[in-house]
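Have a look at the structure below, then the notes.
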Amino acid sequence: MKSRTITTGKVQGIVFVATLLLLIVVAIIPGNAQTKKRVIQLSGVVLEEDSVSGVPVPGVHIYVPKAGRGTTTNGVGFFSMPVLEGDEIVVSAVGYDHQNVTVASDWPEYQTIIVTLTQDTTVLDEVVIFPFPTEEVFKQAVLAMNMPLDNNGIDKRNFNQELLALMIKTTPMDGYQNQRYYLDQWANSSTNKFQPITNPFLNVFNWAKFFSSLNDNNKKKKKK
């Protein structure tokens, strides 16, 4: 009698465990089926929004923060990367406002987009610097100057061609030009990293131009 009771209890325990495992499997399978997302190959071009002809922006970061994956645009602003449905993509670059792109569920397997970035312009308050202790001393110094002005109140020496050419050669690049130069160099280095690097000192045509310029300078000196 006792053996029958023990056997019945074991059978009930086995049935309970099997039923519980079956319920867990049934609950997990639909969940996995729902969380499985399509893989979409996303490609596109990043342009400046204010540009009329569509200037590409190189070195732009295209990434999915939650997944920790991404890529960057090449020298012509092109990018391509695999994404999943529902991914939140962040498009960011130095000097531009961030853009957010959401991968829609109705996108095809190969999707192409165009992203436009707006420059992040920060306007600072005007700062006037005078090399004088007070404004009154500055006014007195200006009134005491004898500036050769024409009828329009303009000093003709400011339009000297040699002075303007010297200013163009010696004036350094501003922040925006430095940023564009750095991004262009970075994009070119990432694009050409698998290509052979040439040495300009071994270029015969460069040496020919160098000697030709020396001869021209010598001829000019002799004429003088």
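The values are calculated or read from the model by the stated rules, or taken from the named source; none is laboratory data. Keep in mind that what you see is a predicted model, and the values were worked out from it rather than measured. Backbone-built Cβ (ideal geometry, glycine too); neighbour counts: all protein chains shown.
Criterion first (over 30 Å from GLY77 (Cβ atoms) and modelled with pLDDT of 80 or more) does LEU164 satisfy it?
Yes.
State which residue pairs qualify: first residue of a type in the set (Phe, Trp, Tyr) and inside segment 182-201, second residue in a loop (DSSP other than H, G, I, E, B) and at pLDDT 75 or above in any location, beta carbons under 7 Å apart, and separation of 6 or more residues or different chains.
Listed pairs, sorted by first residue: TRP186/GLY59.
Kindly indicate whether any position in segment 92-100 is exposed (fewer than 11 other Cβ atoms within 10 Å of the Cβ), in contact with an Asp or Glu (Cβ under 8 Å, 6 or more places away or on another chain), assigned to a strand (DSSP E or B) and modelled with pLDDT of 90 or more.
yes
Mind checking which residues of segment 177-203 are of a type in the set (Phe, Trp, Tyr) and either loosely packed, with under 10 Cβ neighbours inside 10 Å or modelled with pLDDT under 80 (or both)?
PHE194, PHE201
Can you name the number of the only condition in (1) modelled with pLDDT under 90; (2) within 15 Å of the chain's Cα centre (by Cα) that THR122 fails?
Among (1) modelled with pLDDT under 90; (2) within 15 Å of the chain's Cα centre (by Cα), THR122 violates only (2).
Would you point out the residue of segment 44-96, among those that are of a type in the set (Asp, Glu) and over 25 Å from ASN188 (Cβ atoms), that is farthest from the chain's Cα centre (by Cα)?
Residue satisfying both the conditions and the ranking: GLU85.
Among the numbered criteria (1) surrounded by 17 or more Cβ atoms within 10 Å (Cβ to Cβ); (2) touching a helix residue (DSSP H, G or I) at 6+ places or on another chain (Cβ under 6 Å); (3) not polar (S, T, N, Q), which single criterion is violated by GLU48?
Among (1) surrounded by 17 or more Cβ atoms within 10 Å (Cβ to Cβ); (2) touching a helix residue (DSSP H, G or I) at 6+ places or on another chain (Cβ under 6 Å); (3) not polar (S, T, N, Q), the lone unmet condition for GLU48 is (2).
I'd like to verify a number: residues in segment 101-118 that are touching a residue at least 40 places away in the same chain (Cβ under 8 Å) and either surrounded by 13 or more Cβ atoms within 10 Å (Cβ to Cβ) or among the charged types (D, E, K, R) (or both), how many?
Looking only at that region, the number is 8.
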